Each structure stands twice: as structure tokens, then as C-alpha cells.
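To start, the structure under review is shown below, and the notes come after it.
The values are calculated or read from the model by the stated rules, or taken from the named source; none is laboratory data. Since the structure is predicted, the reported quantities are computational estimates derived from the model, not experimental observations. Cβ: placed from backbone, ideal geometry, glycine included. Neighbour counts: every protein chain shown. For the accessible areas, the whole protein counts, side chains as well, though only heavy atoms, and no ligand, DNA or RNA atoms are used. Shrake-Rupley method; radii C 1.70, N 1.55, O 1.52, S 1.80 Å.
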Amino acid sequence: MQENPLAILMITLGMIGNLSWTGLAMASVSPLGETANATGSCDLTGSCPLFLTQGNRVAIRLQLYLSRTVEDEQGNVNTEWVELPAAASVQPGEVLRYTIAAQNQSDRAIANFILTQPIPDSVVYIPDSSQIDTDAEITYSIDNGETFTLNPTVEVTLENGEVETQSAPPETYTHLRWTLTNPLPPSTVVTGQFEVRVQ
């Protein structure tokens with residue numbers, strides 16, 4: 001008997017001003033429609049990742065990082081990623097990195113594993129920043145998750161009145177999705193990440 005496809009949907013939080021981990025997180029297994037529970041916890045460093053568990057089968061960890069430029073003693077300029085605490089302030093122009101880790105907590109492989117992440121309105125996706133540490137197809141949506149494609153396009157009316165199909169601008173991206181090529185083995189963790197710029 002083939003395993004039901006598992007789709008994880010994480011609805012995240014706004015990004016301008018103070019951040020808080022009060023975003024809604026949901027997951028479902030088609031066709032069972034099981035609901036997920038989201039819980040937050042903070043450690044001594046102020047790290048407050050969002051955890052999602054779905055029917056004791058999948059655990060999700062969502063973390064948010066801020067890009068900072070630092071100069072070392074030799075004058076070399078490097079970029080470091082600082083994890084954001086439960087409440088943090090970000091400014092327009094700053095770059096954030098989402099990191100989403102999903103673990104199969106069951107004793108069976110999960111086929112057709114799909115991880116979907118909305119992109120909040122207050123940020124713009126940075127092209128080619130999406131990656132995942134396993135074989136997967138990465139696709140994007142510009143219509144609030146209705147459809148996904150590798151290279152979203154839009155129709156643009158030119159000055160001469162002709163309509164031309166062009167690559168969709170990054171600010172139109174609403175979601176990204178990783179569809180794993182192979183079943184997710186028991187106890188295995190996959191980690192995806194992408195970067196956005198605060199508007």
C-alpha cells in the first residue's frame with residue numbers, strides 16, 4: 001500500500017517592526033486532513049524556533065536569521081547570520097534567511113513529501129536563494145499558492161500594445177515549494193532555506 005502524500009504548509013509572520021512567533025502553522029495529510037499543533041519555546045540565548053508536529057509523523061522547525069556584515073581584524077568583510085529571537089526589530093533593506101527543517105518521526109518512509117513556505121507580503125524573495133539538502137524540485141507561486149512552476153511568468157503589455165510573456169519579478173512571489181524526489185526515510189531530517197529582503 002502506497003503512503004499518502006504528505007503536504008506541509010507553514011503560514012508565517014509579518015516582518016516589519018517587531019517580530020513575534022505568533023504565526024499560524026498548519027499541516028495536513030491528504031486525504032486524512034489531520035491537524036497540526038504549533039508550539040514555541042525559548043532558550044537562554046533568546047532563540048525561539050517554531051515547532052510543528054503532525055500526527056507524530058513529522059516535526060517542523062522554523063528559524064529566522066538576519067544577515068549582518070562584519071569586519072575582522074585583517075579588514076576582511078564577511079557576512080554572518082544571526083538568529084532572531086522571539087521579538088526582534090528589522091528594517092527595510094535588511095536580508096533575512098528562513099530555515100525550515102522537517103523530520104520524519106515515523107518508522108516508515110514518507111513518499112511524495114512536499115514542503116511549502118509562504119513568503120510574507122512585507123518581504124521580497126531573493127532570486128536563486130532557495131536550496132535544500134536533498135534531491136528536490138524547487139517551484140514557486142505568484143498566485144497565493146494556487147499553482148507552482150519552476151519559472152513563474154507574467155504577461156506584460158508593451159508600449160506598442162503587444163502582450164509579451166516575461167519572467168515574474170521577485171516581488172510577485174507568494175510561496176515556494178520543495179517537492180522531494182525520493183521518499184523521506186524514517187528519522188531523517190531535511191533542511192530547506194531561502195532569503196528575503198525586507199521592504
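Descriptive notes on the structure:
- Student exercise, segment 80-129 dipole from Lys, Arg, Asp, Glu Cβ charges, in Debye to nearest 20: 200 debye
- Expressed as a whole percent, the proportion of Cα-Cα pairs in segment 53-160 lying more than 17 Å apart is 69%.
- Expressed as a whole percent, the accessible surface of segment 78-126 that belongs to carbon and sulfur atoms is 46, based on a 1.4 Å probe.
- Cut-off 17 Å (backbone N to label point 7 Å along Cα→Cβ of Glu146), residues of segment 73-117: none
- Inter-site label distance for Glu155 and Gln91 at 7 Å from Cα along Cβ, in nm: 4.3 nm
- In sequence order, calculated HN-Hα J values of segment 159-168 (Karplus, 6.51, -1.76, 1.60; Hz; x Gly/Pro): 4, 7, x, 6, 9, 10, 8, 10, 4, 5
- Cα Rg over Rh - segment 98-199, Kirkwood: 1.08
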